[in-house]
Structure formats: C-alpha cells, structure tokens
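Undergrad: My questions will all concern the structure given below.
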Amino acid sequence: MELARVELFHEEQKENARREQYAVEGSKENIIVGSHVWVEDHDLAWLDGKVSKITEQDAEIQASNGKKVTAKLSKIYPKDTEAPAGGVDDMTKLSYLHEPGVLENLKARYELNEIYTYTGNILIAINPFQRLPHIYDGHMMQQYKGAPFGELSPHVFAVADVSYRAMINEGKSNSILVSGESGAGKTETTKMLMRYLAFLGGRVVTEGRTVEQQVLESNPVLEAFGNAKTVRNNNSR
Ligand SMILES: Nc1ncnc2c1ncn2[C@@H]1O[C@H](COP(=O)(O)OP(=O)(O)OP(=O)(O)O)[C@@H](O)[C@H]1O
C-alpha cells in the first residue's frame, strides 16, 4: 500500500495539525482470554485473532487464518470488533488509534475505491494505481467549492479549498505540505491541488487563454526536467 500524506498548514492550525497519536498496547488490564486482538506477522504485517491463553507476560492467539501465535502482551493490540465494515472517513473516529487499526481502516476504504481518509485535518491519500476520473471532474470541483471542511467525503479538493478560503478571508499565506515515499502519489496529488486552485482563482483571460489553462499547461514542461524512471516509480522527480 503506497501512502501519501497531505498536510494543511495554516497559522492557527499548525498546532492542531500535529494531533497527538496514541497507541493502546496490550496489557493484563485490557487483554483477557477471548479478547479480539492484532498481532504482528512477518508476511501480512498484522494478523487478527482471539486470545486463547495468557501466561505471565505472553498471550497465545488463535489467528483468523488458522495460525496459532504466541506473542508478548505488550506487542499485541486490542481490535475494535464494532468498527464499521467500510471503515470510517476520519481516523479520529476509531476506538483505537494504533498501527493495525489505522491500516485496517485504510484497507477497508481502499477496497471500496475510497482513496482519501482524514486524520483530523490531515488527509491521507492512497495511490489507486488506476485512473479515477470521476473523483476529479468539474462536477466534483464545483461540489467542494466553499463546502465546510469535513462536510463532504475526504478529498484533496477539500484541503485546497480550505487553504484558499483562509488565504482570501484572512489575507495570510497558507502552505500545503505533500509528503510520502517515492511512488506514493505526491506529484499526482500536487497536480490535483493545482488544478483545483487554478479552477478557483484562474478565470482571468489573458491572450485568449485562462490562467487556469496556462498554469496546467506548464506542468508537463516542468515534469520534463529531472524526470527519471526508478524501481518505485516510472515517473519519478
Ligand atoms: N490519485 C491518483 N490517481 C491515479 N493514479 C495515481 C494517483 N496517484 C498516483 N498515481 C499513479 O502512481 C504513479 C506514481 O505517482 P507520483 O509520480 O505522483 O509519485 P511521487 O510520490 O511523486 O513519486 P516520486 O517521489 O518518485 O517522484 C503515477 O504516475 C500514477 O500512475
């Protein structure tokens, strides 16, 4: 799973953007025989299962794939059995904000082609490795225009919109930070941000073409400089 994280920075929101993450490790207080848990797995990253026995600091887990695993209590994490099957659109709604819980939520959404998920006002984007034109078309841009943040499904347009509005209303500079490993989708995400910002502000026509057209047409030229094919990305910059 390739992840890109889009962070929105705004003077007053800088602190909020760094929401404290907490991990709920297993202990004798929150894990008993019969508890549903996550345990690390060499091949699958995380396996879910049910605790069948507890001895001193260890737990024996009957995993859902049939494996029997023994792990330290501090290395297992409680699983929320009531989490919605399709995941939640904001990770702050999860009962347990730990790695397996977060990954399971992103996986559930990805399987439904929901590539965007919020964690507060941070947007997590998962590379779909396929074109999803319907989520970036003109109708979609129109929908996000002026919509309060969090009202519509998580989207890169929502991040661009709130940033643009803050700049206009408060007259302050705003930055959007796009981070992620090679091939995660930073360039594609940035293109969508630029397209949306150009859509909002680029209606002035000069020499027969709108600023929107001119900004977007400059993209392939800029991409041509320093472009390379790497193991992780055919279009790396
Ligand atoms: N939102 C998306 N929709 C469709 N395809 C995407 C999307 N995001 C990424 N991709 C696909 O993944 C490929 C790699 O993405 P991209 O070039 O944006 O990665 P990157 O994070 O900028 O990588 P690098 O750091 O190596 O430059 C794209 O060429 C595209 O095929």
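The values are calculated or read from the model by the stated rules, or taken from the named source; none is laboratory data. Every value quoted in this text rests on a predicted model; they were computed, and no experiment measured them. As a convention, Cβ positions derive from the backbone with ideal geometry for all residues, glycine included, and neighbour counts pool all protein chains shown.
Undergrad: Before we move on, is N174 under 26 Å from N113 (Cα atoms) and either near the ligand (Cβ under 9 Å from one of its atoms) or assigned by TED's automatic domain parsing to the domain that holds R109 (or both)?
TA: no
Undergrad: Right, something else. Pull up region 75-118, narrow it to residues that are without any contact (Cβ under 8 Å) to a residue 40 or more places away in the chain and not in a loop (DSSP other than H, G, I, E, B), then point me to the one that is surrounded by the fewest Cβ atoms within 10 Å (Cβ to Cβ).
TA: Selected residue: K93.
Undergrad: Looking at the structure I just gave you, is K72 more than 26 Å from K191 (Cα to Cα) and either of a type outside the set (V, I, T) or touching a residue at least 12 places away in the same chain (Cβ under 8 Å) (or both)?
TA: Taking the combined requirement at face value, the residue satisfies it.
To keep it simple, each residue is scored yes or no on (1) outside any helix (DSSP H, G or I); (2) within 12 Å of the chain's Cα centre (by Cα); (3) in contact (Cβ under 8 Å) with a residue 24 or more places away in the chain.
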residue	(1), (2), (3)
H134	no, no, no
H139	no, no, no
A158	no, no, yes
V162	no, no, yes
R165	no, no, no
V178	yes, yes, yes
T189	no, yes, yes
M192	no, no, yes
F199	no, no, yes
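Undergrad: Scan (1) away from the ligand (no atom under 16 Å from the Cβ); (2) over 16 Å from the mean Cα position of the chain (by Cα); (3) over 18 Å from G201 (Cβ atoms) for the single condition I122 breaks and write down its number.
TA: With (1) away from the ligand (no atom under 16 Å from the Cβ); (2) over 16 Å from the mean Cα position of the chain (by Cα); (3) over 18 Å from G201 (Cβ atoms) applied to I122, the lone miss is (2).
Undergrad: Specify the residue that is modelled with the lowest pLDDT; the eligible residues are those in region 51-69 that are surrounded by fewer than 20 Cβ atoms within 10 Å (Cβ to Cβ) and either in the same structural domain as Y116 (by TED's automatic domain parsing) or in contact with a Lys or Arg (Cβ under 9 Å, 6 or more places away or on another chain) (or both).
TA: Among those that are surrounded by fewer than 20 Cβ atoms within 10 Å (Cβ to Cβ) and either in the same structural domain as Y116 (by TED's automatic domain parsing) or in contact with a Lys or Arg (Cβ under 9 Å, 6 or more places away or on another chain) (or both), it is Q57.
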